[in-house]
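For reference, the structure is listed below as structure tokens.
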Amino acid sequence: MRVVYLQTGPLDYCVEFAAALCERAEVLLIGPAAELVPIRDQLPPALALAPLPWPRHRSLANLRLVPEALARIRGHRPDLVHFLGDSTLWLNLALPFLRHLPKIVTIHDVHLHPGDVQSRKLPRLTVHQLRRAATLLVVHGPDQRRQAIAQLGRPESEVRVLPHPALRRYARLAAARGLLRRPEGPPRVLFFGRLMRYKGLPHLLEAWPSVVAALPGAELLLAGSGPDAAWLARAVRDLPGVRLVDRRLDDRATAQAFLDADLVVLPYIEASQSGVLALAAAFGRPVVASAVGDLATTVRETGMGRLVPPADPAALARALLAVLGDPEERARLARASAAAAAGPLAPERVADLAIELYADALARRAVRLAA
């Protein structure tokens, strides 16, 4: 089977997914040169890359991207094309030229998160156009599948679940570069990712003084970037043990942050699935997360952490203390997290499920051609 992947979703997800599939199919990943070239040595040699100049959405230079991408697709002679996200604008111009191929589209978020001003910059019309053109739609869990079926009007048979794979690239990088965990000390909590209020940051900051009061010296690292960073800098100014890194961490710093963490916190008010959760699993880190969306589904089914009601600082503080203050509980959850990365969230397992999905898409095309 020959497959073309278009990197229309988050880099870490796309490369993990494509790398897992390249041992089961002849794979070509087309994506931004600025993102793919620097990590080429971290990816399997069997994964063929087509790094292209990838302008911002607003640039007319995208008119050159579309024919270049089509030329690479034709050169690979794929059986199908998989868009690894639905954040597209100009690439939709390629859809008429791909009419003869089955098209798989991964939806990371069925609807926009509240306050996600970054994603709102992309016209929703183009997102819906790509979703309508898909032979099959992929989501990451049963909650998203229910939403997609209800909101998009697609038959149940055309909306499939592929779990978000554990993101192992940073763990491999840590091992290759000999990175070591900081010496043991006071407990360390990591919040990682986009600095946006819907991620539950106000409630985490409200919960934190109770944690420090019970566990003096406890540390909270807030690492990422986003539109609410300026507010956050003011909010943490007088909080003990809190360190804000207002930038997107490079690969080495990301690996070090997860190595050093005793616990990863995901206090989201609303969520679908989470790449941060997939990263925590790859490092075998326990989590405390809000019971929302398929984030809750994964934590519940893997046992890799504790769930709390969203927007409940008191419950969040209790859960953080229950894990941080009990080394045996923390070790138990860490083992469950590592087991999730080696089991249900293993990229190899997700790849096997994807191959089954592709076979179905090809069978659907054969039926249409025979009709």
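Assorted remarks:
- The helix-only estimate of mean residue ellipticity at 222 nm for the chain, built from DSSP H runs of length n ≥ 4 each weighted as -39500 (n - 2.57), is -13000 deg cm²/dmol after division by the residue total.
- Centre separation in Å (Cα based) which lies between region 231-295 and region 1-46: 25
- Computed lengthening from residue 77 to residue 322, 0.36 nm per intervening residue step minus Cα-Cα distance: 82.8 nm
- For region 96-255, the mean projected area of the C-alpha convex hull, equal to one quarter of the hull surface, is 13.0 nm².
- Kirkwood analysis of the chain, using all unique Cα-Cα pairs, places the hydrodynamic radius at 21.4 Å.
- Placing a pseudo-label 7 Å from each Cα along the Cα-to-Cβ vector at residue 66 and residue 301 gives an inter-label distance of 3.8 nm.
- Over region 298-363 - Rg/Rh using Cα atoms and the Kirkwood inverse-distance radius: 1.20
- Inter-site label distance for residue 259 and residue 314 at 7 Å from Cα along Cβ, in nm: 4.1
- Per residue, region 244-371 exposes 39 Å² of solvent-accessible protein surface, assessed with a 1.4 angstrom probe and all protein chains in place.
- Accessible area of the chain belonging to carbon and sulfur atoms, whole % at 1.4 Å probe: 55
- With Cα atoms, 0 to 90° folded angle of helix 142-152 axis to the chain main axis: 50
- Modelled label reach - residue 331, point 7 Å along Cα→Cβ, region 238-261 residues with backbone N closer than 20 Å: 259-261
- Size of electric dipole in region 170-224: Cβ of Lys, Arg +1 and of Asp, Glu -1, about Cα centre, debye, nearest 20: 340
- Gyration tensor verdict on region 287-332 (Cα atoms; rounded if a/c is under 1.5, prolate if a/b is larger than b/c, oblate otherwise): oblate
- In terms of the mean number of neighbouring beta-carbon atoms within 10 Å, the peptides 204-217, 59-72, 127-140 order highest first as 127-140, 204-217, 59-72.
- Basic side chains Lys and Arg get +1 at the Cβ, acidic Asp and Glu get -1 at the Cβ, and with that the dipole of region 60-196 about its Cα centre reaches some 400 debye.
- Label-to-label distance for residue 26 and residue 181 is 4.5 nm, based on points extended 7 Å past Cα in the beta-carbon direction.
- Dividing the convex hull volume of the alpha-carbon atoms in region 4-131 by its residue count gives 109 Å³ per residue.
- Of the trypsin sites (Lys or Arg not before Pro) found in region 2-63, those that fall in a DSSP loop while having at most 13 other beta-carbon atoms within 10 Å are 56, 58.
The values are calculated or read from the model by the stated rules, or taken from the named source; none is laboratory data. Keep in mind the model is a prediction, meaning the values are calculated, not measured. Heads up, the Cβs are rebuilt from the backbone with ideal geometry, glycines too, and the neighbour counts pull from every protein chain shown. The accessibility values were calculated without ligands, DNA or RNA, using every heavy atom of the protein model including side chains. Shrake-Rupley method; radii C 1.70, N 1.55, O 1.52, S 1.80 Å.
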